[in-house]
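So the structure is just underneath, and the comments pick up after that.
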Amino acid sequence: MLLDSVVYPDWHPRFGEVGPVYSYVLRNESKLVLVDTGIGPAHPLIDRLYSPTRRDLRMALRENHSGVSPEGIDAVVLSHLHFDHVGGAFEFPGKPLYVQRSEWDAAQAAKYTVPEFLTFPNANFVMVDGDMELEPGIRLVLTQGHTPGHQAVVVSTADGLVILAGQAIETTRELTEMQRSGNLSPAAQQLLDLDPARIWFSHDHDCWEPAEVSEVQR
């Protein structure tokens, strides 16, 4: 589900690009799980640095997922606590918001995130220590790499494992180029060792599939 977009500033490796900001809704037999919550409301510093385009989270859920509302979401997984992943967390008061404890600790540092995005009424952050099964067929996997407590979501489907990698790896192109060079990051090696059928990323329109190793398609 495409929520937002940002224009990367001059210090960013993707300077000048317009990057998408994705969120995902997972549905098993009994639960709806949201992965990441987008940029959130207007914020002077974010708006100045990233020139974001926002899509209302409630509207996006309703339009993309047959009328689902934040109240209908059973749990939220936060891949990490940078602003563009937690800005909509306030829409889920009382709902469990799963975050790695090491990520929560890191986010207490100045300028790591937007503190008010984490301090809303009835916030219910649930600390996770490493890998865990969230629901049947949905696992949280500590990858680190992008941040100290970054986590990916691994989903069992009829077509094989699908990984929501967050920013453990930035893009399909980056992962493919690492494979070609034989120089995989620890997070990339960790996720590929799971033998996924597909990998999606927070800031890339494209997904990775094993066949893409032979040809960079962008």
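So R139 passes all but one of these: (1) surrounded by fewer than 19 Cβ atoms within 10 Å (Cβ to Cβ); (2) out of contact with any Lys or Arg (no Cβ under 8 Å at 6 or more places or on another chain); (3) among the charged types (D, E, K, R). Which condition number does it fail?
R139 satisfies all of (1) surrounded by fewer than 19 Cβ atoms within 10 Å (Cβ to Cβ); (2) out of contact with any Lys or Arg (no Cβ under 8 Å at 6 or more places or on another chain); (3) among the charged types (D, E, K, R) except (1).
Looking only at residues that are among the charged types (D, E, K, R) and in a helix (DSSP H, G or I) in region 99-117, which one is farthest from H150 (Cα to Cα)? Full working, then the answer.
Taking region 99-117 first, the residues among the charged types (D, E, K, R) are 101, 103, 105, 111, 116.
This time we only want the ones that are in a helix (DSSP H, G or I), so: 101, 103, 105, 116.
Details: R101: 10, E103: 7, D105: 12, E116: 20 Å.
Ranking the qualifying residues of region 99-117, first place goes to E116.
Filter region 30-53 for residues that are buried (at least 19 other Cβ atoms within 10 Å of the Cβ) and not aliphatic (A, V, I, L, M); which is nearest to Q167 (Cα to Cα)?
So, considering only residues that are buried (at least 19 other Cβ atoms within 10 Å of the Cβ) and not aliphatic (A, V, I, L, M), the one nearest to Q167 (Cα to Cα) is D36.
Restricting to region 1-29, and then to whatever is of a type in the set (A, V, I, L, M, F, W, C) and surrounded by 14 or more Cβ atoms within 10 Å (Cβ to Cβ), can you tell me which residue is farthest from L57 (Cα to Cα)? Talk me through it step by step, then tell me what you get.
Going through region 1-29, the residues of a type in the set (A, V, I, L, M, F, W, C) turn out to be 1-3, 6-7, 11, 15, 18, 21, 25-26.
Next, only the ones that are surrounded by 14 or more Cβ atoms within 10 Å (Cβ to Cβ) stay: 1, 3, 6-7, 21, 25-26.
Working: M1: 10, L3: 7, V6: 16, V7: 19, V21: 12, V25: 12, L26: 16 Å.
Only one residue tops the list, namely V7.
If I ask for residues that are touching a residue at least 40 places away in the same chain (Cβ under 8 Å), closer than 28 Å to Y112 by Cα and not in a loop (DSSP other than H, G, I, E, B), which ones from region 146-163 would you list? Steps first, please.
Taking region 146-163 and keeping what is touching a residue at least 40 places away in the same chain (Cβ under 8 Å), we get 146-155, 157.
Pick out the ones that are also closer than 28 Å to Y112 by Cα and you get 146-154.
Correct list: Q151, A152, V153, V154.
Based on this model, can you work out whether L140 counts as touching a residue at least 12 places away in the same chain (Cβ under 8 Å), more than 18 Å from the chain's Cα centre (by Cα) and within 21 Å of L78 (Cβ to Cβ)? It would help to see each step written out before you state the result.
Working: touching a residue at least 12 places away in the same chain (Cβ under 8 Å): yes; more than 18 Å from the chain's Cα centre (by Cα): no; within 21 Å of L78 (Cβ to Cβ): yes.
Here the answer is no, as L140 does not meet what is asked.
Hey, among the residues in region 31-60 that are in contact (Cβ under 8 Å) with a residue 40 or more places away in the chain and small (G, A, S), which one's farthest from P136 (Cα to Cα)?
Selected residue: S51.
Can you tell me which of (1) closer than 13 Å to V99 by Cα; (2) in a loop (DSSP other than H, G, I, E, B) is the one L134 doesn't meet?
It fails just one condition, (2).
Just give me the residues in region 195-204 being part of a loop (DSSP other than H, G, I, E, B) and either touching a strand residue (DSSP E or B) at 6+ places or on another chain (Cβ under 6 Å) or within 12 Å of L175 (Cα to Cα) (or both), in sequence order. Full working, then the answer.
The first filter runs over region 195-204 and keeps only residues part of a loop (DSSP other than H, G, I, E, B), leaving 195-197, 201-204.
Correct list: P196, A197, F201, S202, H203, D204.
Could you check how many residues of region 70-83 are charged (D, E, K, R) and touching a residue at least 40 places away in the same chain (Cβ under 8 Å)?
In the first step, residues of region 70-83 are kept if they are charged (D, E, K, R); the result is 71, 74.
Going one step further and asking which of them are touching a residue at least 40 places away in the same chain (Cβ under 8 Å), we end up with 74.
Residues in region 70-83 being charged (D, E, K, R) and touching a residue at least 40 places away in the same chain (Cβ under 8 Å): 1 in total.
Checking T119 against (1) farther than 24 Å from Y50 by Cβ; (2) of a type in the set (S, T, Y); (3) exposed (fewer than 13 other Cβ atoms within 10 Å of the Cβ): exactly one of these is not met. Which one?
Going through (1) farther than 24 Å from Y50 by Cβ; (2) of a type in the set (S, T, Y); (3) exposed (fewer than 13 other Cβ atoms within 10 Å of the Cβ) one by one, T119 breaks only (1).
Quick check on my filter: what residues within region 85-111 are in contact with a helix residue (DSSP H, G or I) (Cβ under 8 Å, 6 or more places away or on another chain) and at pLDDT below 95?
none
Looking at region 169-184, can you tell me whether even one residue there is touching a residue at least 60 places away in the same chain (Cβ under 8 Å) and either small (G, A, S) or out of contact with any Ser or Thr (no Cβ under 9 Å at 6 or more places or on another chain) (or both)?
As a first pass, look at region 169-184 and keep what is touching a residue at least 60 places away in the same chain (Cβ under 8 Å): 170.
Filter once more, so that each one left must be either small (G, A, S) or out of contact with any Ser or Thr (no Cβ under 9 Å at 6 or more places or on another chain) (or both): none.
No - not one qualifying residue is present in region 169-184.
Any idea which residue in region 84-106 is farthest from the chain's Cα centre (by Cα), counting only those that are crowded, with 18+ Cβ neighbours inside 10 Å and without any contact (Cβ under 8 Å) to a residue 40 or more places away in the chain?
Ranking the candidates gives K95 first.
Filter region 144-153 for residues that are surrounded by fewer than 22 Cβ atoms within 10 Å (Cβ to Cβ) and under 14 Å from the mean Cα position of the chain (by Cα); which is farthest from L194 (Cα to Cα)?
Start the filter on region 144-153 by keeping residues that are surrounded by fewer than 22 Cβ atoms within 10 Å (Cβ to Cβ), which leaves 144-146, 148.
Still in the list and also under 14 Å from the mean Cα position of the chain (by Cα): 144-146.
Values: Q144: 16, G145: 17, H146: 19 Å.
So, considering only residues that are surrounded by fewer than 22 Cβ atoms within 10 Å (Cβ to Cβ) and under 14 Å from the mean Cα position of the chain (by Cα), the one farthest from L194 (Cα to Cα) is H146.
Out of all the residues in region 116-137, which are among the acidic types (D, E) and touching a residue at least 12 places away in the same chain (Cβ under 8 Å)? Walk me through how you get there before you give the answer.
In the first step, residues of region 116-137 are kept if they are among the acidic types (D, E); the result is 116, 129, 131, 133, 135.
Of everything in region 116-137, those that are among the acidic types (D, E) and touching a residue at least 12 places away in the same chain (Cβ under 8 Å) turn out to be D129, E135.
The values are calculated or read from the model by the stated rules, or taken from the named source; none is laboratory data. Note that the coordinates shown come from a computational prediction; the quantities given were computed from them, not determined experimentally. Every residue, glycine among them, receives a Cβ derived from its backbone with ideal geometry; neighbour counts consider all protein chains shown.
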